[in-house]
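Have a look at the structure below before the remarks.
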Amino acid sequence: MPELTYIQAISDGLRQEMRRDQRVFLMGEDVGVYGGAFKVSLGFQEEFGPWRVIDTPLSETAIVGGATGAALMGMRPVAEMQFADFISCAWDHLVTVAAKQFFRGRTPVPIVVRLPSGGGFSGGPFHSQNPESSFAHIPGLKIVCPATPHDAKGLLASAIEDPNPVLYFEHKHLYRRIKGEVPEERYTVPFGQANVHREGEDAVVVTWGAMVHTATDAADELAKEGTEVEVLDLRTLIPWDREKVLESVRRTSKVLVLHEDTRTGGFGGEIAATIAEEAFEDLDAPVMRVAAPDTPVPFSPPLEKAFIPQAEDVLQALEELVAY
Amino acid sequence: MAVREAEPVGSLQEVKEAGLDREDLLGMYRAMLITRGIEERGHILYKQGKIPGSFYTGRGNEAAAVGVGSAMGPNDVGTPLHRDMGVHITRGVDPWRIFAQYMGREGGPTRGRDGNVHMAMPELGLHPMVSHLPAMLPVATGMALAFKIRNEKRVALGWFGEGAAARGDAHEAMNMAGVRQLPIVFVCDNNQWAYSTPTYLSFPVEHIADRAAAYGFDGVVVDGTDVLAVYREAKRAIEKAREGGGPTLLECLTLRMEGHAVHDDAFYVPKEMFEQWAAQDPIERFRSWLRDHAELTDEEDDEIASSVKRTLNSALEQADESPLPDPAGLEAGVYAAPEDLDTPHHK
Ligand SMILES: Cc1ncc(C[n+]2csc(CCOP(=O)(O)OP(=O)(O)O)c2C)c(N)n1
Ligand SMILES: [Mg+2]
């Protein structure tokens, strides 16, 4: 099986979907001639032509609203935001139109919005955000946050196949840093199935996206002291795999919820509440949370480092949790 | 109402009529040199790994930025963008603050909270842009609205790129400003590229300024490499707005002389286009105008160049002495307290 980087896996998956289904097309800013700001669609316009790889004006509303309209007419649009942060410009179309069209009119809106998200390289307040929790609060949207090349490809295929609007968060800090084996043939990774990224019995970290790797680094460090922590990668937030989370909590009885997004109103709160409701009796310690502080994402390296949860922060929290 | 294509500026007499004396002209020249100097040094610092994140320059836009910035009155306000370093310089920002901003230091206007040109000094009448383009246009419109409500003879300037003109924010801002005849000038930095996107994929008419007619105000296209023509047109538009004549859309036509940001080699821009516009470099152009019309001598020019160099050297030193921000202060800066309202703007 070939080894691909996370970003290659996304390109590979998208290319494969576009080859097998004529209805799939890509649109966004600089996705054609330039191949996208991160080069996910490099060479796509040569292969698929300018009407399936569409360079749009700087117009997030028209991109997402337009994707919705094309989907209603039977297409399978994949819309790229240059950075996830810019999805705020298309909030209305996603939240007001795409998310509610099926509920009202029984007309599905099968669109995928690709969202390069996350920090770690001094992108500052507008090129680093992880806005998944804001959208998790909107019934009608599905939310996908792959952490590995394998899942990046398989979840993209599922997202394109899915009859609903799907927000596909691709973490920029994983793009070229994370490599893994990716099957050449097409496959799907189903939504709502968490993956045990690292096994362990002493506690569990529930997380997603780039934090899967941060948690794993912390767990590997802790293993040197003989403590084995499971890292459970949710892979998708809407829907999320309650059963697997509750099963892990029951088995390990100690849980840390970790995310890169800010703390208040973050999706971690939803997970913690569900554990409190469903598995209170199984807990040997209060549910812990590690998340970014409630500030915009800062630019300067020491500030950004303090903002984004680091492996040391997770390690420290896990030590406390295990010792509880 | 067709757009007006502005004439170039000819003689010193004409310039004097526009209210500029020789000192002003040399000040503008110096501001353009400092602007370019800061960005050139920033570029080097970036390549040396001393500037985190990404790095943008406004090479080719120095005349447009300095020309408009110089035409602003002392109490006017604006929201310049990532190609408009010259506006900050013209309004008087100390260059060391910009280097400190680039390097994420405590001494930068955003104190390391944000990077590159995402900064401005409100005490100089400038408010920092956000990345989301052109989100500052409705904000500038609101500034103009405040002036109108309070009957103040002040003008707001909102900058936007020709690419970002495609977003709804531009339409809403201009429409509201037109409806209420607000004292605002919309300045379009038309550098012909929006990242890799050429103008014909951004808008289907010849000029962004063509749109002004639809909002009930004037549109003007000016050669953005001609600092004096930009100044004259900006001055007209600003004074018109000040006197109750409503908005103007001023389109400054230039070429973005580098990639979108440092990482981008601009392979998609035709070579001839670069060559053509390099021949009308705004600084070279102004220098030869000053030689021909304002008796700029080689000695004087050298003197200006070395004083600019000294300014930048010491700015860089001072910025380098500024510490990195302390993470302990991060969370304290999110919400304003009542005493934070104690600024010139809120009185
Ligand atoms: C709403 C929004 N979408 C995307 C971007 C990413 N982006 C940054 S600059 C840029 C091109 C802007 O072109 P233009 O408005 O012509 O300004 P220029 O950079 O050429 O000065 C893009 C697409 C952004 N900043 N804001
Ligand atoms: Mg442009």
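Derivation of every value follows stated rules applied to the coordinates shown; laboratory data play no part. None of the values given here were measured: they were computed from a predicted structure. All Cβ positions, even for glycine, are placed from backbone atoms using ideal geometry, and neighbour counts span all protein chains on display.
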Sorted by average packing, counted as other Cβ atoms within 10 angstrom per residue and highest first, what order do A:161-170, B:157-166 take? B:157-166, A:161-170
When the gyration tensor of the protein assembly as shown is built from Cα positions, what are the square roots of 5 times its three eigenvalues, in whole Å, from largest to smallest? 48, 28, 23
Report the calculated FRET efficiency for B:Asp320 and A:Gln310 (r = Cβ-Cβ distance, R0 = 35 Å), to the nearest 0.05. 0.85
Whether segment A:114-213 is rounded, prolate or oblate, judged on the alpha carbon gyration tensor where a/c under 1.5 counts as rounded: rounded
B:Ala146-A:Glu278 pseudo-label distance in nm [points 7 Å out on the Cα-to-Cβ vector]: 5.0
Assign one of three labels to segment A:195-323, namely rounded, prolate or oblate, based on the Cα gyration tensor with a ≥ b ≥ c the square roots of its eigenvalues; rounded applies when a/c is under 1.5, prolate when it is not and a/b is larger than b/c, and oblate otherwise. oblate
Starting from the Cα of A:Lys39, move 7 Å in the Cα-to-Cβ direction to define the label point; list residues of segment A:132-175 whose amide nitrogen is under 18 Å from there. A:171-175
Using the basic label-point model (7 angstrom from Cα toward the beta carbon), what is the B:Ala213 to B:Glu275 distance in nanometres? 3.6
Translational diffusion coefficient, Stokes-Einstein: compute it for chain B using the Kirkwood radius over C-alpha pairs as Rh, at 25 °C and 0.890 mPa s, and state it as an integer in µm² s⁻¹. 120
Averaged over residues of B:330-337, the number of beta carbons from other chains lying within 10 Å of each residue's Cβ is 3
Using a 10 Å cut-off around each Cβ of peptide A:299-310, what is the average number of partner chain Cβ atoms that fall inside? 6
Using a Förster distance of 41 Å, the FRET efficiency for A:Glu46-A:Arg104 (Cβ separation, nearest 0.05): 0.50
Helix-only CD estimate at 222 nm, as mean residue ellipticity for chain A, using -39500 (n - 2.57) per DSSP H run (n ≥ 4): -10500 deg cm²/dmol
Hits among aspartates and glutamates - C-alpha to C-alpha of B:Lys309 under 18 Å, sequence gap 8 or more where chains match: B:Glu39, B:Glu40, B:Glu62, B:Asp94, B:Glu284, B:Asp298, B:Glu299, B:Glu300, B:Asp301, B:Glu317, B:Asp320
Using a simple spin-label model with points 7 Å from Cα along the Cα→Cβ vector, what separation in nm is obtained for A:Ala285 and A:Thr264? 2.7
To the nearest 0.05, what FRET efficiency results for B:Asp342 and B:Asp94 with a Förster distance of 25 Å applied to their C-beta separation? 0.65
If I stretch the segment between A:Thr96 and A:Glu181 completely, what's the gain in nm (0.36 nm per residue apart, minus their alpha carbon distance), one decimal? 26.7 nm
Report the antiparallel proportion of the DSSP beta bridges in segment A:195-323 as a percent, rounded to a multiple of 5. 20
Counting only C-alpha contacts under 8 Å and six or more residues apart, can you give the relative contact order of segment A:3-181 as a whole percent? 28
Can you tell me how much longer the chain between A:Glu201 and A:Asp21 gets when fully stretched, taken as 0.36 nm per residue apart minus their C-alpha distance, in nm with one decimal? 60.5 nm
Less than 17 Å from a label point 7 Å out along the Cα-to-Cβ axis of B:Arg22: which backbone N atoms in segment B:284-299 qualify, by residue? B:287-299
Residues whose built amide H sits under 5 Å from the amide H of A:Val24, excluding neighbours closer than 5 in sequence, are A:Arg76
Estimated 222 nm signal from helices in chain B, with DSSP H stretches of n ≥ 4 weighted -39500 (n - 2.57), rounded to 500: -13500 deg cm²/dmol
Relative contact order (percent) for chain A, with alpha-carbon contacts under 8 angstrom and 6 or more residues of separation? 17
Contour minus Cα-Cα span, B:Ser11 to B:Glu243, at 0.36 nm per residue, comes to 80.8 nm
Per the C-alpha gyration tensor (a ≥ b ≥ c, the square roots of its eigenvalues), segment B:2-158 is rounded if a/c is under 1.5, else prolate if a/b beats b/c, else oblate; here it's oblate
Filtered hits (lysines, Cα-Cα < 21 Å from B:Lys153, offset >= 8 within chain) -> B:Lys235, B:Lys240, B:Lys347
